[in-house]
Amino acid sequence: MKSNTISQVSKTLGISTRMLRYYEQIGLIHCSRLDDYAYRVYDLETIEKLKQILLLRKLRIPVKQIKTILLNPNAINTVKVFEQNIMEIDEEITALATIKDILLHFIQKLSEDTKLPLLEIINSSTELGSILDSLNLISINFKEDQTMRSLKKADEKLSILKDVRIIYLPPTTVASAHHIGDDPEFHANKMIDDFVRNSKLDVIKPDLRHYGFNHPNPIDETGYHGYESWITIPHDLEVPKPLTKKEFNGGLYAAHMISFGNFNEWEDLAKWVNDSEEYDFAGDWLDQEHMCGLMDEHLNYYSHIHLENTEPENMQIDLLMPIKEIKRKEEGN
């Protein structure tokens, strides 16, 4: 049976090698390794399964439910999952319809008297107050627009991030591992994991931080790329080869936290920075050798160091984009 390398599958399906490993780790797919070949390969059956996974993800089916569908491949089970998602969507539609009616009520009242406070409108109607009290802010996440014609527009609204943090990363010394080839994230991170465990770095430096970035980015249709992984270390600590010791200058970053696997949100973070009126991008979009200055940080790394798999399903990652404040001219100048 014909098999495809991890890079070939990544290129064909438009999915990162890191996502492929993630789906493998949580049991959605399985890879094999040829006797004379060190890297992951996938057979045609697995590739077909990946196509199903990507289709279900586009329909916003959660990964855990996708796993349920694939482990129990019968129509009845799949229908139950779909019905559960439709029920949640219906609840959101009802909540949004209620909000729409309330806003229309406000418009009518404010059109009659432009100085009428909103609280006075609410207090004047017992029915309206009861409706507002029944709305659950947490359940209203504006996830779907239910017409095919406006689905794209709704998806664009969803991409506007609301939880971007502005953080300062201090200058520090790092141990760097670099690998180019199939599955570079795995190999670079394994070198760092082995170094941390062998040197007991978590004891020496309990405030250690783990960063990583493509080096280089995929630069052509092959998807061939590398990955560089960093771990912060004391300045006087020596590092064994093939690791290298580097100085990180630090700086200001826009940070957005994701669950492991949601790397598509890089695009959303870039849009947030691009649309910002306070910050400009401080990296270099032409520098594909070092991922334009972008990085990600493994937020749970200290807790995962001694796990067999240091990138478990519950792993959280900060996407980090270098920024600088926009300097404004003072009025009158």
- Once amide H atoms are built 1.01 Å from N in the peptide plane, which residues 5 or more positions from ILE29, or in another chain, come under 5 Å H to H? GLU24
- Query: Label points 7 Å out from Cα along the Cβ direction at ASN77 and LYS190: separation in nm?
  - Reply: 3.2
- DSSP loop GluC sites (Glu not before Pro) in region 272-321 with at most 11 other Cβ atoms within 10 Å of their Cβ, which ones? GLU277, GLU278, GLU308
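Of the cross-linked pairs LYS200/LYS241; LYS58/LYS190; LYS162/LYS327; LYS190/LYS241, which ones have a Cα-Cα span greater than 21 Å in the structure shown?
Details: LYS200/LYS241 17 Å; LYS58/LYS190 31 Å; LYS162/LYS327 23 Å; LYS190/LYS241 14 Å.
Among LYS200/LYS241; LYS58/LYS190; LYS162/LYS327; LYS190/LYS241, the Cα-Cα distance tops 21 Å for LYS58/LYS190; LYS162/LYS327.
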- Query: Extension gain ASN309-GLU48, at 0.36 nm per residue separation less the Cα-Cα distance, in nm?
  - Reply: 91.3 nm
- Note on the structure: If the chain between ASP287 and LYS245 were fully extended at 0.36 nm per residue, the gain over the current Cα-Cα distance would be 13.0 nm
- Message: Would you report the distance distribution of C-alpha pairs in region 165-325 as whole percents per 5 angstrom bin, up to the bin with the largest distance?
- Response: 2, 8, 17, 22, 21, 16, 9, 3, 1, 0
- Item | R0 of 35 Å, Cβ-Cβ distance GLU112-ARG60: FRET efficiency to nearest 0.05 | 0.30
- One point scatterer per Cα, no solvent, Debye formula: log10 I(q)/I(0) for region 3-60 at q = 0.16 Å⁻¹ comes out as -0.44
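Please give the FRET efficiency for LEU70 paired with LEU103, using the beta carbon to beta carbon distance and R0 = 30 Å, rounded to the nearest 0.05.
Numbers: r = 42 Å, r/R0 = 1.39.
Between LEU70 and LEU103 the formula returns 0.10.
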- Query: For ASP275 and ILE204 in the same chain, what is the full-extension length gain: residue separation times 0.36 nm, less their Cα-Cα distance, in nm?
  - Reply: 21.4 nm
- Query: Which of the peptides 181-187, 100-106, 234-240 is most tightly packed, and how do the rest follow, judged by the mean count of other Cβ atoms within 10 Å per residue?
  - Reply: 181-187, 100-106, 234-240
- Scoring only Lys, Arg, Asp and Glu (+1, +1, -1, -1) among other residues with Cβ under 13 Å from the Cβ of MET257 yields -4
- Exactly which trypsin sites (Lys or Arg not before Pro) in region 1-94 are in a DSSP loop and have at most 16 other Cβ atoms within 10 Å? LYS2, ARG33, ARG60
- Item | PHE263 paired with ARG165, simple spin-label distance in nm, labels 7 Å along Cα-to-beta-carbon | 2.3
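No value in this document is a laboratory result; all are computed from the given coordinates. Owing to the predicted nature of the structure, the values given are computational and were not obtained by experimental measurement. Backbone-built Cβ (ideal geometry, glycine too); neighbour counts: all protein chains shown.
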